[in-house]
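Contents: one structure, followed by commentary.
Rule-based calculations on the coordinates, nothing more; no lab input. The structure displayed is predicted, hence computed values, not measured ones. Don't worry about glycine lacking a Cβ; one is built from the backbone with ideal geometry, like all the others, and counts go over all protein chains shown.
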Amino acid sequence: MSGWSSTPYSEGMPSQPSPAPGTRAHNLSRVLRVVHEDGARSRAALTEQTGLNRSTIADLVGELVRRGLVDERIPDIAGRVGRPSPVVSASARVVAIAVNPEVDAIEIAAVGLDRSILARERLPNRDTPTPEAVAETIAGRVAAWRDGPLADARIEAVGVAVPGLVRTSDGVVRNAPHLAWIDVPLAELVRAATGTPTFVDNDATLGAIAEHRYGAGRGIDDIVYLNGGASGIGGGLIIHGRAVAGAGGYAGEFGQNRPRISADGDRRTGDGVLEAEVSRRLLLDAVGLDAVGPHAADDETLDAELSASTSDAVSDEITRQAHVLASALANAVNVLNPSLVVLGGFLATIADLRSEQIAADVGALAMSESVEGLEIRPADLGADRLLIGAAELAFAGLLADPGERS
């Protein structure tokens, strides 16, 4: 995972009470957030980055070490004269369980506070998973990992990235149409199954936050993110550096919009929404891969097959989907005027294979002023993007107030 930023954790996450600025609790949060987001730092670097004096940093680091949240070591620098500044890093043994349930598979990972991935599994579904089955699966994997890679770890929370509309205040999935979940109290189900605090949000919202902090959108504060997954296409918005979810928390459902399709040959449905016309399932069918079941293809396999294909039919389908996708992006650019569009999942593969075509189409369809300086990039975090976002969700409370939660 490359690229680190220092974006506040409050963006796009459930509201977390934060200590008042200038208090000891607030300063503990600042130091912990720096080493989590920016990686290991010397005490001297922490002093410079936070503006706190050396004795205060030493005291705060000492408390974080006692709480088991950071590790400290003396670097071994050959030839150096004098005592080097100790290096502080977030602990790999403080763990978030990150989950992305989809129609084809459940992906689950254990992510350390230092951003290392201690365990990860992709579990194909034979049938569309029920909420109860997802909760049981999470509990089962966590129990197994406690006897293995997480034997000496402290699990902080579970974060779940769901392809649907989520009420983040209580973790209720209002509507995940491809999973056929309506008003499901998923956070409560997972919490009961695992005995661990659980938080739930939309997968594309979490993907947008992950790419903004650590991926293709690092350092850019006006982003449209589209996520292409087995359930269709969702989106997330970063505006002026903050995730924007709308009045009910449901903004970004680009997949339900109807794109402009000028060529009849580019249309696959009579009045189709974007995710019916730009479809992972159609791409899987084109290269002969399974969409569901024990042999369901993951994004890496699909990407490899599409990239290697010499079939005219496959090439034509990629080109068709790229044209339709570009029309939807042009609408988003006209409305939101982002600096950057990031495409994740199977959309990243389309972006890689048809980058010039998409840029030209968006340029032709959007207002010229709106595309000035616009970039369109595939997601940098690849298959990790949604799990990274889910882990950020799980760690949000700890990072907001490590003194209270640890």
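Values as computed for the structure displayed
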read-out	value
Enclosed volume per residue, in Å³, of the convex hull spanned by Cα atoms of the stretch 364-406	135 Å³
Net charge dipole size for the stretch 180-319 [Lys, Arg +1 and Asp, Glu -1 on Cβ; Debye, nearest 20]	520 debye
Distance in nm between pseudo-label sites at Arg126 and Arg242 (7 Å out along the Cβ direction from Cα)	4.8 nm
Dimensions in Å of the stretch 219-380 - Rg and Dmax from alpha carbons	15.4, 48
Charge dipole magnitude, Cβ of K and R +1, D and E -1 - the stretch 130-258, Cα centre, debye nearest 20	160 debye
Ratio of Rg to Rh over the chain (Cα coordinates, Kirkwood Rh, two decimals)	1.00
Extended-chain gain in nm, criterion 0.36 nm per residue less alpha-carbon gap, Thr319 and Val335	3.3 nm
Rounded to 10°, Cα long-axis angle of helix 385-400 versus longest principal axis of the chain	30 degrees
Packing-based exposure ordering (other Cβ within 10 Å, fewest first) of Leu237, Leu393, Leu123	Leu123, Leu237, Leu393
Label point distance in nm, Thr269-Glu369, each placed 7 Å from Cα along Cα→Cβ	3.5 nm
Within the chain: Cβ-based charge dipole about Cα centre, in debye rounded to nearest 20 (Lys, Arg +1; Asp, Glu -1)	1640 debye
Over the stretch 304-406: Rg over Rh, Cα atoms, Kirkwood Rh	1.14
Beta bridge orientation in the chain: antiparallel %, DSSP, nearest 5	65 percent
Distance between modelled label sites at Asp290 and Asn175, nm, 7 Å Cα→Cβ extension	3.2 nm
Calculated FRET efficiency for the pair Ala151/Ala40, C-beta based, R₀ 25 Å, to 0.05	0.55
Antiparallel DSSP beta bridges within the stretch 129-230, percent to nearest 5	55 percent
Of the trypsin sites (Lys or Arg not before Pro) in the stretch 320-406, those whose Cβ has at most 10 other Cβ within 10 Å and which sit in DSSP loop	none
Note, ³J(HN,Hα) from phi for the stretch 228-244, Karplus 6.51, -1.76, 1.60, rounded to Hz, x at Gly and Pro	x, x, 5, 8, x, 10, x, x, x, 10, 10, 10, 6, x, 10, 5, 10
At 1.567 mPa s and 4 °C, Stokes diffusion of the stretch 185-224 via Kirkwood alpha-carbon radius, µm² per second	110 µm²/s
Residue-span extension gain [Asp221 to Ser55] - 0.36 nm each, minus C-alpha spacing	56.3 nm
Nonlocal amide H pairs with Val200, under 5 Å, H built at 1.01 Å	Val160, Gly171
Linear extension gain, Arg258 paired with Glu188, 0.36 nm per residue minus alpha-carbon span	21.7 nm
The stretch 195-241-the stretch 43-69 distance, computed between alpha-carbon centres (Å)	31 Å
